[in-house]
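Here's the structure, in structure tokens; my notes come after.
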Amino acid sequence: MDLESSTSLGMTHDVEIRVNTYAWTALAVFCMLGPIAHGAEKMWVSWSHKPPTSTHLPFWSLVLLSCSYILLIPGLVCTLFTYDISALSGLIKLQRGSESMIEFIETLSSTGCWYGVALVALYAMVIPGIKLLLLILAEVLRIRSPRSVRAARMCILTVQTISKWASPDMFAYVLLMYLVRELDHPPKLEAVGHLNLGFTSFALFCIFSTVACLGIQAPELPASETALAVASEPTPLRRKLRSVVPFVATFLFVAFAATLAIGASLPCMALHLDLDMLFEPTGHVPLSFKPFVETLGLVDLMHSEVNLWKCLGTLAKWGAKGNANFFIAFVMFALFAIGFTVADMLVLIVAAWQLRPSSRHSNEVEMQGRSADEHQGPCRALSFARVLKKLSMLDVAIVGIVVVTLCGYVYRKSGVILSMDWGLLVLFVAELCHYATYHLVMGLAPPRPRPAPSGEKAANDEVSTEDELSSDTTRTDMS
């Protein structure tokens, strides 16, 4: 749609420029915050000659997290999106509206949709609040007794796991604006939708607070617990499962790839305008216009649907034209919803094959009398998989579409009907394959050994050196 028509239907040109400027500025600032804060911390350490401590938040993570929470307030109270649908070049206004997160919750409450209030408030307000409380609690607990350290570790890991779940609604609002814009068939039917300041603020909060939480290092378990776990010998059943898991994981990956490709090509969400509901008394279009509007043949034009592949291409095109919010939306879908999920599956396949025991290594372990887990050592692929799982948001996008569609029945009285489509079910199957692969591989992974402190490591090296010297002396005396 050209600029003139979009200006007349949606936001004014000045407001659109201000929103776009705010979005690009906020995105650029947040992208630079982490590297600048990390560089400043490095410079301070170098200047003060003090080694960085691992008992506190990294400085870059603290700065990014604090600034992210500043954006949470406008993300809740500012307008998320605006839309306007009209006929005959704007002469007949069929439907228009705008919504903020707080207004959406109030609308759900006024219509008696209490489950909708609970779900939207849980994701948009409760989870961000729980994240903040758990982070504060973890910092208090990590400096106390070993039992408190264990609780602090659980707090940090919980925050890292739930952090991404503050954003499901954002994915659905992106698809909703796509559906509105797909109704645009000038001159008979014109439709425009804009993502506004509320979307910019809340989306950036979700993305960068999730990244910041992953930078927080959870305190290690007591050395006695970790040593006992590492030294324990895996059961015969566990060893057999490790030999089979690469083939099962590969099968699940093939199923995941197929269902993801099919699900992303099928419609997952649809929008329909009920023409009868748009007229008085339920709508705001005068009833006298009905015979004339019916002659325009708008019924066939008042339906749109979206699949992920087509949506990604369109979002990329809108973002390339300079629309910052649609560029952010493209990053959310392309990178977080699909990219990180696919990357996690690939890394899990690598980890599954690394876990598979070889007969030569098994014989060496038996001869040396060591645990198989101790011999295998840490698996870097597992560490990458844990991080990617916390960044992958296909599950979040699916839940967001379900929640907004279920809550969208409150708009049916005004003629706006949202529905889910078969593509969403196929995407759900793909995500089930992802979850199954992740928990299968992680369930068979060896315990992560506790990194030894520098003093302890030096002492161990000294002891091993003395042992080697004594053994060399013994061999010399015997000769």
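Quick look at the numbers
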quantity	calculated
When residues of segment 226-249 are limited to those that are part of a helix (DSSP H, G or I) and open to solvent by less than 50 Å² (accessible area, probe 1.4 Å), the one modelled with the highest pLDDT	ALA249
Matching residues in segment 165-183 - criterion: being farther than 22 Å from SER100 by Cβ and touching a helix residue (DSSP H, G or I) at 6+ places or on another chain (Cβ under 8 Å)	LEU183
Unique match (being of a type in the set (S, T, N, Q) and free of Cβ contacts under 8 Å to residues at least 60 places away in the same chain) among THR210, THR200, THR158	THR158
Count of residues meeting criterion [of a type in the set (Phe, Trp, Tyr) and in contact with an Asp or Glu (Cβ under 7 Å, 6 or more places away or on another chain)] in segment 68-89	1
Residue among LEU57, LEU91 that is out of contact with any Cys (no Cβ under 9 Å at 6 or more places or on another chain), over 22 Å from ILE328 (Cα atoms), open to solvent by 30 Å² or more (accessible area, probe 1.4 Å) and touching a residue at least 24 places away in the same chain (Cβ under 8 Å)	LEU57
Index of the failed condition, HIS194 passing every other in (1) farther than 23 Å from PHE59 by Cα; (2) in contact with a Ser or Thr (Cβ under 7 Å, 6 or more places away or on another chain); (3) in a helix (DSSP H, G or I)	(3)
Spans of helices (runs of 4 or more DSSP H) in segment 274-379 with at least 1 residues at pLDDT below 75, among the β-branched types (Val, Ile, Thr) and closer than 27 Å to LEU418 by Cβ	290-294
Residue in segment 114-132 that is farthest from GLN217 (Cα to Cα), counting only those that are in contact with a Cys (Cβ under 9 Å, 6 or more places away or on another chain) and of a type in the set (A, V, I, L, M, F, W, C)	VAL117
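The values are calculated or read from the model by the stated rules, or taken from the named source; none is laboratory data. Please read all numbers here as calculations on a predicted model, not as lab measurements. Ideal geometry is used to build each Cβ from the backbone, glycine not excepted, and the neighbour counts take in all protein chains shown. These accessible areas exclude ligands, DNA and RNA; they are computed on the full protein's heavy atoms, side chains included. Shrake-Rupley method; radii C 1.70, N 1.55, O 1.52, S 1.80 Å.
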